[in-house]
Amino acid sequence: MQSRVSTFAIFGVFFFESSVIGQWIPRIPDIKTALSLTDGALGLALLAMPLGTLIGFSIAGKIIESTGLRTACRVFLPIWALLFIGPGLAQTFSQLVITLVISGIAVGMIETAMNTEAARIEKASGKRLMSRCHGFWSLGTMIGALTGGALAQWGMSVQTHFLITLPVIALCGFVAATALPRLPGIPKRIALADSNHDVAPTTPKHESGGIFRLPARAILLLCVMPLGIMMVEGAFIDWSAVFMRDVMSAEPLLIAVTYSAFSVVMAAVRLSGDALASRYGDLIIIRVSGIAATVGISLFALAPSVPWAFLAAALSGAGVAIVFPLAVTAAANRPGRSSADNVAALNMIAFTAFLIAPPIIGFLSEAFGLRVALLTLAPLACMTFFLAGEVAQPGDSINNRV
């Protein structure tokens with residue numbers, strides 16, 4: 001019974017954490033217009049969040065070791081939701097940048113906490129659930145985007161929208177995180193089976209101490225493996241709405257529906273991803289995903305009409321769905337440092353790529369147009385195909401992992 005409660009609680013944490021981003025997606029064009037931003041200026045503003053997130057990931061492992069996973073989720077999920085009211089209230093470019101940096105620090109903390117907690121619950125139960133966790137993350141962005149798109153279609157201002165929805169999400173996220181099991185945190189010891197069975201830490205003494213921790217050399221390629229996939233996902237979140245409005249001349253609700261095609265397919269694949277990975281093996285799943293993401297983002301960038309863009313969004317969603325969850329599980333189980341450090345390192349590189357893609361797209365769009373800018377992500381997505389073997393643990397056979 002406790003295992004089931006823990007599972008649904010962590011699903012809720014992922015859902016409500018991503019709902020914040022979901023509210024943001026369809027309102028980006030409105031903020032761009034309200035502040036009279038060019039594509040390049042918007043790209044520069046969007047760079048602020050990955051800068052803040054990089055700070056968050058750099059300090060997350062040490063802080064979470066001190067607070068414990070449950071407390072970190074209870075604290076940083078509501079803070080993330082409430083801080084994101086700031087970008088909605090921004091009246092100038094400078095205010096937008098500052099609020100996005102601060103929000104980025106918070107999302108780095110909650111991303112590390114909830115992914116590490118999911119890996120701990122997964123290991124304790126002996127069953128895959130990381131992909132389903134990220135499936136609920138996708139559902140959260142989808143529901144958030146549909147809500148935000150509907151409110152935009154009805155003419156509600158960004159300020160009113162954020163002031164109403166984000167405090168509600170903060171409260172719901174706190175309730176979900178509170179339902180997580182009360183277990184010893186991860187300072188020095190990591191709970192693997194249950195609250196009464198711990199294992200000694202694997203972090204070497206010379207690597208402890210400072211609050212900022214760089215990725216260990218042993219997991220660098222694993223951290224790089226999902227980089228292109230995360231950039232495709234980040235580009236869809238921050239630029240699909242602008243692309244559909246400015247290039248495809250779509251209405252706000254159709255913009256939200258197109259992103260929802262991306263998100264709902266991603267969610268469906270993630271919710272079935274644990275079973276798929278157990279049946280076919282991580283290597284095959286990741287290689288197929290790399291191909292799908294590459295074709296999907298290429299087709300979206302070159303789409304001649306809205307139906308083609310809709311189809312491309314769905315294919316891209318399938319491609320980006322399961323790669324990062326599999327990478328998180330691999331990082332959490334990789335020997336060497338603590339699970340929190342490994343997951344934080346993976347997050348630092350992969351999730352920063354997820355957040356840095358939008359500003360890069362903005363700069364390229366300013367110079368070459370949005371279609372060309374999005375097309376440049378295709379070769380990066382293809383890189384996942386060639387680094388798929390990094391999900392293996394030493395001595396493991398990827399195809400037979402369960």
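Computed from the coordinates by the stated procedures, all read-outs in this text should not be read as laboratory data. Computed from a prediction, not measured in an experiment: that's the story for all the values here. Please note: Cβ atoms are built from the backbone with ideal geometry, for glycine as well, and neighbour counts cover all protein chains shown.
Couple of notes before you dig in:
- For the range 254-272, the residues whose backbone nitrogen is under 14 Å from a point 7 Å from the Cα of GLN153, taken along Cα to Cβ, are 254-261.
- Quarter of Cα convex hull surface for the range 45-105, i.e. mean projection, nm²: 3.9
- Evaluated at q = 0.06, 0.12 Å⁻¹: base-10 log I(q)/I(0), Debye formula over Cα of the chain: -0.20, -0.86
- Descending Cα extents along the principal axes, the range 10-138, whole Å: 52, 28, 22
- Remark: the SER305-THR33 segment gains 95.5 nm on full extension, using 0.36 nm per residue and subtracting the alpha carbon distance.
- Within the chain, the longest segment free of exposed loop sites, counting chymotrypsin sites (Phe, Trp or Tyr not before Pro) that fall outside DSSP classes H, G, I, E and B and have at most 11 other Cβ atoms within 10 Å, spans 213-402.
- Length gained on full extension, GLN91 to THR178: 27.8 nm, using 0.36 nm per residue less the C-alpha separation.
- Screening the chain for whole DSSP H helices with an alpha carbon extent of at least 30 angstrom along the helix axis and a mean Kyte-Doolittle hydropathy of at least 0.5 yields 2-24, 93-125, 130-153, 252-280.
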